[in-house]
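*Asks:* Dropping the structure in here first, questions after.
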Amino acid sequence: MLKANTKKNAINQLEFSPEEDKFKVYREKGVNNWIIAHILKGSNKLILILMIILIIGRSLLTSGNVVITGAAISEFISGNTANLGYYVLVILLLGIATAVTQILNIYFREVLAQRMERDTRREFYTSLLGKSQSFHDLQRIGDIMARTTNDVRMLNFLISPAVSLIIVAATTLVTPIIYIILYYPIELILTPIIFNVLFIITLRAYSNRLAPVTGTLRMEFGLMNANLTESLEGIEVVKGSTQEQFELKKYLLNAKKYRDAFIEQGYIQAKYLPILFLALAMSAGFTHSIILFLNGEINIGQIISYSGLLTQLSFPTYISIWVFIIVKLAKAGAERLIELMNQETEIMEPIEGITKKINGNIEFKNVSFKYPNTEKLVLKNISFELKSGQTVAIVGTTGSGKSTLTKLLSRLYDVSEGKILIDDIDIRDYTLKSLRTQISYIEQDIFLFSTSVLENISFGRAGSMEEVVQVSKQAQAHEFVTALPNSYESEVGERGVQLSGGEKQRIAIARSFLTDTPLLVLDDSTSAIDSDTEDKIQRAINIVRRGRTTFLVTHRLSQIRWADLILVLKSGRLVAKGTHEELMEISPEYKKIFVKKFDLQVTTQCEEEGV
């Protein structure tokens, strides 16, 4: 909840928004408005108009070719061959024109389709980047990936071929009737008109039956993909626990649900009535034309061309079986995208946020916090103050809220009650960029990107090779990095899989040294490093932290003893604070943590840790 000093900014922005969100209002109106807004965005309108003109032109040319062919046959049968060359030339030109319009139509529809996919993918990814940490905590990565890839891709298919073919189908239903009115007895329009009416009615019912099935298909695909991603990301745990069979059964269950949705879709397609109506229309139309021929109202050539015009009705009939599945799948995918994009983020940035260099004076005032969608307070009424350049060590049993407290500092989450001040300014009044770029985090669970060592160290601040080497030496990483096949250009693999835990931590420490921020957070950052290496790193940290306000989460007494302030947390409450000597005198909880550690006395522990 924002306090009075932040309420002055009545309008808020997302955590990350590089540009004005032009589609927000359309997303709120619903999926149809959002899709249409993308289709008609900017010069897309002109492309769509050109595409429609080309489609109409192609349909008129195709039907005209059928009529000319019928006329040519009539001339040939009647023995009048003088004009056959003229008919051949016209048919050739119409054929060339039809091919040209088709090529141009395909080109324009592909341009529009690729723009649609590009813009929606950018919008969705930007929205994900702008969501708060609490939003991402509740998401399954596999499902997010399914939405980002497949659901967005379906919007490409919505334009090419679906929308394009729907426009072609619509014109194909109309143009034969126009030519029949112009060149044939008026009563011959009865058959195509009756077919069109029945076709539209049954198509609407078919489309409505498809809607829930396609929604299920997209959802089940997301769940199946999420299960697959989790299994592969946790493959070490799966194999270590010999749970391959269990994971296989779980995946096959999801795959079965996905398959069942496809089978249900097949049942709906099997009951597609327009195919039957087409067969009846073709028979009825041919019979009607024969009757008119016997009455002397039309000739053989007109029967052939009329039948050819009726044959064009087969195109909308057959393509609508699967093209409307694409439309429904795309709409279901769009609904899944909008579902996430419309979710409000927990962290909002004030438009007139403060941008300034931080000195590092920190104050927690009666801070309480609970994670979104929960009622349990993780932190309860925490208050302390830290001067610029000082170090605070946070200790406590597992689950006491140590890491959570440090995450509040950079507004990965917002406090539920109270406030956090940096240099006497509420952190919610800073711009997120100004705040977060001045805080370095080194955590126990290190995340490295699947790129080179150099790029991982430089992430957050582009440094020269000399600077990178210098901080690597300080972090005791230079020796093992230069031993890699390509030194600093070596790829570390996904999540740094090719490096040990200690090596990853040293790269993260080097990254922190390079950013040189006024605030430093070390969350058990040397847990995976051997004692000799840790000793060297600690000396480097002691140098680097000078003049920097440092938050230290650890149980290593060798690190805690040089802290200016120690906070003791228990079940989310601050039960004691002070120096090591003070807490050993006044805090039973602090004594409980350090007097016995694996049944060793504190003096023995200090000797072991080199204190």
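*Asks:* Quick test for you: out of LEU48, LEU60, pick the one residue that is touching a residue at least 40 places away in the same chain (Cβ under 8 Å), closer than 23 Å to SER307 by Cβ and among the hydrophobic types (A, V, I, L, M, F, W, C).
*Replies:* LEU60
*Asks:* A follow-up question, please. When you go through (1) among the aliphatic types (A, V, I, L, M); (2) buried (at least 22 other Cβ atoms within 10 Å of the Cβ); (3) in a loop (DSSP other than H, G, I, E, B) one by one for ILE394, which number turns out not to apply?
*Replies:* (3)
*Asks:* Give the residue, chosen from LEU228, LEU198, LEU188, that is assigned by TED's automatic domain parsing to the domain that holds MET145, within 19 Å of ARG336 (Cβ to Cβ) and in contact with a Phe, Trp or Tyr (Cβ under 8 Å, 6 or more places away or on another chain).
*Replies:* LEU228
*Asks:* Same structure, new question: Out of all the residues in the stretch 106-136, which are outside any loop (DSSP other than H, G, I, E, B) and among the charged types (D, E, K, R)?
*Replies:* ARG109, GLU110, ARG115, GLU117, ARG118, ASP119, ARG121, ARG122, GLU123
*Asks:* Which pairs turn up if I take residues in the stretch 364-390 that are within 10 Å of SER416 (Cβ to Cβ) and look for partners that are β-branched (Val, Ile, Thr) and part of a strand (DSSP E or B) with beta carbon separation below 7 Å, at least 6 apart in sequence or on another chain?
*Replies:* The qualifying pairs are VAL367/ILE382; VAL367/ILE420; LEU379/VAL367.
*Asks:* Residue check: is GLN139 farther than 18 Å from LEU40 by Cα and outside any helix (DSSP H, G or I)?
*Replies:* yes
*Asks:* Given ALA99, ALA82, which one is free of Cβ contacts under 8 Å to residues at least 12 places away in the same chain, among the hydrophobic types (A, V, I, L, M, F, W, C) and either in a helix (DSSP H, G or I) or in contact with a Leu (Cβ under 9 Å, 6 or more places away or on another chain) (or both)?
*Replies:* ALA99
*Asks:* So, of the residues in the stretch 286-321 that are without any contact (Cβ under 8 Å) to a residue 12 or more places away in the chain and in a helix (DSSP H, G or I), which turns out to be nearest to the chain's Cα centre (by Cα)?
*Replies:* Looking at residues that are without any contact (Cβ under 8 Å) to a residue 12 or more places away in the chain and in a helix (DSSP H, G or I), I get THR287.
*Asks:* What are the pairs with Cβ atoms under 9 angstrom where one residue, in the stretch 468-479, is touching a residue at least 12 places away in the same chain (Cβ under 8 Å) and the other, located anywhere, is surrounded by 19 or more Cβ atoms within 10 Å (Cβ to Cβ) and part of a loop (DSSP other than H, G, I, E, B)? Sequence gap at least six, or different chains.
*Replies:* What qualifies is VAL468/SER458; VAL471/GLY463; VAL471/ALA477; GLN476/ILE529.
*Asks:* Now, a different point. Let me spell it out: the conditions are (1) closer than 20 Å to ILE325 by Cα; (2) small (Gly, Ala, Ser); (3) touching a residue at least 40 places away in the same chain (Cβ under 8 Å), and GLY266 meets all of them except one. Which number is the exception?
*Replies:* (3)
*Asks:* Here's a follow-up. Could you list, in sequence order, the residues of the stretch 116-149 that are at pLDDT 85 or above and touching a Lys or Arg at 6+ places or on another chain (Cβ under 8 Å)?
*Replies:* Within the stretch 116-149, GLU117, ASP119, PHE124, ARG147, THR148 qualify.
*Asks:* Could you check the stretch 334-389 and list, in sequence order, the residues that are touching a Phe, Trp or Tyr at 6+ places or on another chain (Cβ under 8 Å) and part of a helix (DSSP H, G or I)?
*Replies:* Within the stretch 334-389, ALA334, LEU337, ILE338, LEU340, MET341 meet the criteria.
*Asks:* Which one of these does GLU236 not meet: (1) among the acidic types (Asp, Glu); (2) over 30 Å from VAL66 (Cα atoms); (3) touching a helix residue (DSSP H, G or I) at 6+ places or on another chain (Cβ under 9 Å)?
*Replies:* (3)
*Asks:* Sticking with this one: Sort through ALA211, ALA279, ALA205, ALA261 and tell me the only one that's of a type outside the set (Val, Ile, Thr), in the same structural domain as ASP151 (by TED's automatic domain parsing), in a helix (DSSP H, G or I) and buried (at least 16 other Cβ atoms within 10 Å of the Cβ).
*Replies:* Just one listed residue meets the conditions, ALA261.
*Asks:* Identify, please: which residue in the stretch 165-179 is of a type outside the set (A, V, I, L, M) and over 41 Å from the mean Cα position of the chain (by Cα) and is, among those, farthest from LEU313 (Cα to Cα)?
*Replies:* If we take residues in the stretch 165-179 being of a type outside the set (A, V, I, L, M) and over 41 Å from the mean Cα position of the chain (by Cα), then TYR179 is farthest from LEU313 (Cα to Cα).
*Asks:* What are the pairs with Cβ atoms under 6 angstrom where one residue, in the stretch 104-119, is in contact (Cβ under 8 Å) with a residue 24 or more places away in the chain and among the aromatic types (Phe, Trp, Tyr) and the other, located anywhere, is part of a helix (DSSP H, G or I) and surrounded by 20 or more Cβ atoms within 10 Å (Cβ to Cβ)? Sequence gap at least six, or different chains.
*Replies:* Note: pairs meeting the criteria are PHE108/MET51.
*Asks:* Something else now. Please verify whether GLY353 is modelled with pLDDT under 90, surrounded by 14 or more Cβ atoms within 10 Å (Cβ to Cβ) and at positive phi, treating the condition exactly as stated.
*Replies:* No: the conditions fail for GLY353.
*Asks:* Sticking with this one: Going by the conditions given, is GLY333 within 30 Å of LEU128 (Cα to Cα), crowded, with 19+ Cβ neighbours inside 10 Å and not charged (D, E, K, R)?
*Replies:* Yes.
*Asks:* Cβ-Cβ distance below 9 Å, separation of 6 or more or different chains: which pairs start in the stretch 503-526 with a residue that is surrounded by fewer than 22 Cβ atoms within 10 Å (Cβ to Cβ) and end on one that is at pLDDT below 80 and of a type in the set (S, T, N, Q)?
*Replies:* ASP523/GLN444; ASP523/THR554; ASP524/GLN444; ASP524/THR554
*Asks:* Quickly run through the stretch 560-580 and pick out the residues that are touching a residue at least 40 places away in the same chain (Cβ under 8 Å) and out of contact with any helix residue (DSSP H, G or I) (no Cβ under 7 Å at 6 or more places or on another chain).
*Replies:* Once the filter is applied, which keeps residues that are touching a residue at least 40 places away in the same chain (Cβ under 8 Å) and out of contact with any helix residue (DSSP H, G or I) (no Cβ under 7 Å at 6 or more places or on another chain), the stretch 560-580 yields TRP562, ALA563, ASP564, LEU565, LEU567, SER571, GLY572, ARG573, LEU574, LYS577.
*Asks:* So which residues in the stretch 482-495 are modelled with pLDDT of 80 or more, part of a helix (DSSP H, G or I) and either under 22 Å from SER440 (Cα atoms) or hydroxyl-bearing (Ser, Thr, Tyr) (or both)?
*Replies:* Scanning the stretch 482-495 gives THR482, SER487, TYR488.
*Asks:* Here is a further query. As an exercise: evaluate LEU583 against (1) at pLDDT 85 or above; (2) outside any helix (DSSP H, G or I); (3) of a type outside the set (Phe, Trp, Tyr) and give the number of the one condition it does not meet.
*Replies:* Here LEU583 clears every test but (2).
*Asks:* Starting from the stretch 205-225, keep only residues that are closer than 24 Å to GLN139 by Cβ, then list their pairs with residues that are among the basic types (Lys, Arg) whose Cβ atoms are within a distance under 6 Å, requiring at least 6 positions of separation or different chains.
*Replies:* That search, which allows pairs on different chains as well, returns THR214/LYS328; ARG218/ARG336; GLU220/LYS257.
*Asks:* Moving on. Looking at ILE194, ILE144, which is the one that is farther than 29 Å from SER289 by Cα, in a helix (DSSP H, G or I) and among the β-branched types (Val, Ile, Thr)?
*Replies:* ILE144
*Asks:* Among the residues of the stretch 147-170, how many are surrounded by fewer than 19 Cβ atoms within 10 Å (Cβ to Cβ) and either among the polar types (S, T, N, Q) or not in a helix (DSSP H, G or I) (or both)?
*Replies:* Counting residues in the stretch 147-170 that are surrounded by fewer than 19 Cβ atoms within 10 Å (Cβ to Cβ) and either among the polar types (S, T, N, Q) or not in a helix (DSSP H, G or I) (or both) gives 3.
The values are calculated or read from the model by the stated rules, or taken from the named source; none is laboratory data. No experiment lies behind these values; they were computed from the predicted model shown. Cβ coordinates were reconstructed from backbone atoms using ideal geometry, including for glycine residues, and neighbour counts include every protein chain displayed.
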